[in-house]
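The values are calculated or read from the model by the stated rules, or taken from the named source; none is laboratory data. Worth saying up front: this structure is predicted, and the values here are computed from it rather than measured. Because the Cβ atoms are built from the backbone with ideal geometry, glycine has one as well, and the counts that use them run over all protein chains shown. Surface areas here come from the heavy atoms of the whole protein model, side chains and all, with no ligands, DNA or RNA. Shrake-Rupley method; radii C 1.70, N 1.55, O 1.52, S 1.80 Å.
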Amino acid sequence: MVTSVGSSILTALGASSIDTSSLVDQLATAAIANKTKALTDRETANTAKISDLANAVNSITTFSSSLSSLISGGSLFTQPTSSNSSIVNVSAVAGSRLSGLSSTIKVDRIASAQTLTAAALPGAASPVGLGTMELTVGDKTKTITITSANNSLAGLAQAIKDSGLGVTASIVTDSTGARLVVKGATGEANAFSLKVTSGTAGELDRFAFDPATYDPDAVTGLTLQQEAQDAQIVVDGVTVNKASNSFSDVIPGVKIDLVSASPGTTVSIGSSQPVDSIKQAVSDFVAAYNEMKATLTAMTGTEGSLRSDAGIRALVTRLGGLTSTQLTYASDGSPTTLAEIGVSTNRDGTLSLDSAKLSSVMASNPAAVEAMFNPGQRSDNPLIQITNAVGQVKGGVYTVTNATPGGSGSTAQATLDGGYTLPLGATGVQASFTSAAAGLSFDVLGPVASATITIDLGLQGALDAIKNELTASSGQLTASQTRLDNEKKSISDDKDKLTARDTAYRAQLTAQYTRMQGALSAFSSTQSYLSQQIKLWTNDSSS
């Protein structure tokens, strides 16, 4: 049976002229049809794989991010409580473990900042006088210079702010005019003085202040509105002075914000554990995991685009071991894996929850379950204080030995898991970049023969570890992405080559059929000539 393309060719060849354009297009299209279809199929499959791989990586990223948001919201970890928040507010420090918290606080005095005010001038642009002043805070002094370029109340305020000593200056305008207000940081150590070192009498000395000679009954410069003083609190019977009203180094794991002084009033500090929220979080985790697993199963099933992809198989395998992954490093026999609290892996890879087992563990050891959902880090020696942010160090137990604090002309030193550490400031050290504890840093506040630092990354840390390992530069998901990207480029190159061959073939056919058209034209002319001659010969014979 003659094909449509063949029929067109025969028809064209039987004509007195050839439709070269149509004939070339049909022949060239037929010649590359199979290869074009093969490339299209490859491209469609590759695009689907790239999309599904991105969705797979995004699914675990979204899963981890959702868990992170839930944790950061504070609904899954024990929060400190205050019996009187109008005096003391409390909140948890990231990574802390607060179960069983019980303490008392009395606030005898809150910290205040030294505040000075000047006599009113007509406006912010009013000149203050030329010269220099010395601003002294503790043992630090800076020179304040007033020239014709900044000879104004606003210029003086800016010069004080630019000193870099933590002293602020502003201009307050009222019905009497514009007043300079100078304020330091809270705490007695942040008291300051302003002394004139050059200038005309009656000008810059209007803004001077010397606490040693200040007489509130005979003010010649700035007026003292408030003295710098430390906060004074009594914590569990121990008097503590603090330069700030906000601090987190008095009760371990608790950030304290002083609101007001109330001598003699005892504020109780306790803790509230979100037992029901944690139970619900475990259930929600199982449901979210199974939803993610369904997405991955569709990609890796017999009809899935990534059924033979090594990166996705590695991801599924790693996730399958999540229930047995150690999430915390408790040393008291507490549960440390999801399997120990009732989360198990089914034969099809989905998770199931034994609610009765979870309730039993929550009743006997709620802190252990809470720790699985909340990254934490702790030192068993108060002289070793961890300074890195939570989540920056690989989970595990690390041993600190031979720790010595820094001194005059020397930096702190310590050995970490038998290896060296690097100095960090005057009081701290950090793990070497090649250490298993890379990212760990801590202050050495006193000599320590041996101490233990425990890093619990929790469930989110375990998920992040899986994602980070597989998406690292040498990770299997990265390898899959690279392979698919290379395949995409290969398909594009093959399409370009096929287009080039098609163009060349079309040019070849066009040249051939153009020559054929010329030959047909010549034959047609000969035929016409012969027909005329025969007619003439026939007519001559008749006559």
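Kindly evaluate residue 394 against the criterion of being farther than 27 Å from residue 69 by Cα and out of contact with any Asp or Glu (no Cβ under 6 Å at 6 or more places or on another chain). Here the answer is no, as residue 394 does not meet what is asked.
Here is a yes/no grid of residues against (1) more than 32 Å from the chain's Cα centre (by Cα); (2) modelled with pLDDT under 80; (3) open to solvent by less than 40 Å² (accessible area, probe 1.4 Å):
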| site | (1), (2), (3) |
| --- | --- |
| 10 | yes, yes, no |
| 38 | yes, no, no |
| 53 | no, no, yes |
| 93 | no, no, no |
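Has segment 264-273 got at least one residue that is open to solvent by 50 Å² or more (accessible area, probe 1.4 Å), at positive phi and either at pLDDT 90 or above or of a type in the set (Val, Ile, Thr) (or both)? Checking segment 264-273: at least one residue is open to solvent by 50 Å² or more (accessible area, probe 1.4 Å), at positive phi and either at pLDDT 90 or above or of a type in the set (Val, Ile, Thr) (or both). Among the residues of this structure, residue 113 does not count as one that is open to solvent by 30 Å² or more (accessible area, probe 1.4 Å) and either within 39 Å of the chain's Cα centre (by Cα) or farther than 30 Å from residue 366 by Cβ (or both). Please work out which one of (1) open to solvent by 30 Å² or more (accessible area, probe 1.4 Å); (2) under 27 Å from residue 188 (Cβ atoms); (3) at pLDDT 95 or above is the condition residue 150 fails and give its number. So residue 150 meets the others, but not (2). In this structure, is residue 67 surrounded by 17 or more Cβ atoms within 10 Å (Cβ to Cβ) and modelled with pLDDT under 85? Answer is yes for this residue. The set of residues in segment 288-346 that are hydrophobic (A, V, I, L, M, F, W, C), closer than 30 Å to residue 97 by Cα and assigned to a helix (DSSP H, G or I) comprises 288, 319, 322, 338, 339, 341. Counting the residues of segment 153-173 that are open to solvent by less than 20 Å² (accessible area, probe 1.4 Å) and not in a helix (DSSP H, G or I) gives 3. Among the residues of segment 292-346, those that are open to solvent by 60 Å² or more (accessible area, probe 1.4 Å) and under 19 Å from residue 471 (Cβ atoms) comprise 313, 317, 318. Restricting segment 220-250 to residues that are open to solvent by 70 Å² or more (accessible area, probe 1.4 Å) and not in a loop (DSSP other than H, G, I, E, B), the residue that is nearest to residue 187 (Cα to Cα) is 241. Does segment 185-202 contain any residue that is among the acidic types (Asp, Glu), part of a helix (DSSP H, G or I) and within 13 Å of residue 128 (Cα to Cα)? So far as segment 185-202 goes, no, none of its residues is among the acidic types (Asp, Glu), part of a helix (DSSP H, G or I) and within 13 Å of residue 128 (Cα to Cα).
Taking the conditions exactly as written (open to solvent by less than 30 Å² (accessible area, probe 1.4 Å) and modelled with pLDDT of 95 or more), does residue 253 satisfy them or not? Answer is no for this residue. Every listed requirement among (1) without any contact (Cβ under 8 Å) to a residue 40 or more places away in the chain; (2) open to solvent by less than 30 Å² (accessible area, probe 1.4 Å) is met by residue 453 save one, (1).
With respect to residue 540, is the statement that it is at pLDDT 85 or above and part of a helix (DSSP H, G or I) true? No: the conditions fail for residue 540. The residues of segment 398-428 that are assigned to a strand (DSSP E or B), hydrophobic (A, V, I, L, M, F, W, C) and touching a residue at least 24 places away in the same chain (Cβ under 8 Å), listed by number, are 400, 403, 414, 416, 424. Does residue 202 satisfy the criteria of being small (Gly, Ala, Ser), closer than 26 Å to residue 123 by Cα and modelled with pLDDT of 95 or more? No; evaluated as a whole, the condition is false for this residue. Screening the candidates 107, 128 for the property of being surrounded by 15 or more Cβ atoms within 10 Å (Cβ to Cβ), in contact with a strand residue (DSSP E or B) (Cβ under 8 Å, 6 or more places away or on another chain) and over 13 Å from residue 207 (Cβ atoms) yields one hit, 107.
Residue by residue, here is whether (1) farther than 30 Å from residue 365 by Cβ; (2) touching a residue at least 40 places away in the same chain (Cβ under 8 Å) holds:
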residue	(1), (2)
50	yes, yes
53	yes, yes
62	yes, no
69	no, no
79	no, yes
98	no, yes
105	no, yes
109	yes, yes
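The residues on offer are 409, 396, 391, and the sole one that is over 26 Å from the mean Cα position of the chain (by Cα) and either open to solvent by less than 40 Å² (accessible area, probe 1.4 Å) or over 21 Å from residue 287 (Cα atoms) (or both) is 409.
Among residues belonging to segment 462-504 that are closer than 22 Å to residue 63 by Cβ and acidic (Asp, Glu), point out the one that is surrounded by the most Cβ atoms within 10 Å (Cβ to Cβ). Taking the candidates together, the pick is 464. Looking across segment 351-372, just one residue is of a type in the set (Asp, Glu) and open to solvent by less than 40 Å² (accessible area, probe 1.4 Å), and that is 370.
The residue that is farthest from residue 274 (Cα to Cα), among those in segment 364-379 that are touching a residue at least 60 places away in the same chain (Cβ under 8 Å) and of a type in the set (S, T, N, Q), is 379.
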